[in-house]
Amino acid sequence: MGTAVAKRDRIGARVPHEVYETLCRAAELTGATVNQFLVQAALKEAQEVIEREDVIRLSLRDWNWLLDLMENPPKPNAQMKAALKHYQKAKRDGAGATFSWEP
């Protein structure tokens, strides 16, 4: 049985000397190499950016409003009916396309 080796990619960056010195100092204070410090900091920031884009945060008032709408949806108005017709037409027109409308 062989062991799986994770693929690793390389990232490089050129920075002004002052920035490099700051990064070196911060890395030293945390007990990490500059590379480890950069990767950890960049990964943390990347995860925060992704969460900001992927997660919707609501106040308690807005959460209750949304739950009420989901449990008691309003009757479709003319705009909603037109949007549904448009969607159904687009779905029919794209039936032979490579994009699948089915979940």
Among (1) outside any helix (DSSP H, G or I); (2) at pLDDT 95 or above, which single condition is V49 missing? (1)
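Give the residue that is surrounded by the most Cβ atoms within 10 Å (Cβ to Cβ), with candidates limited to residues of segment 37-67 that are more than 30 Å from I11 (Cα to Cα) and among the charged types (D, E, K, R).
Per the stated criteria, the residue is D62.
Quick one: how many residues across segment 5-36 are assigned to a helix (DSSP H, G or I) and surrounded by 10 or more Cβ atoms within 10 Å (Cβ to Cβ)?
The initial filter retains those residues of segment 5-36 that are assigned to a helix (DSSP H, G or I), namely 17-30, 34-36.
Right, trim to surrounded by 10 or more Cβ atoms within 10 Å (Cβ to Cβ) and you get 19-28, 30, 34-36.
Residues flagged as assigned to a helix (DSSP H, G or I) and surrounded by 10 or more Cβ atoms within 10 Å (Cβ to Cβ) within segment 5-36 amount to 14.
The values are calculated or read from the model by the stated rules, or taken from the named source; none is laboratory data. Given the structure is predicted, the values throughout are model-derived calculations rather than measurements. Heads up, the Cβs are rebuilt from the backbone with ideal geometry, glycines too, and the neighbour counts pull from every protein chain shown.
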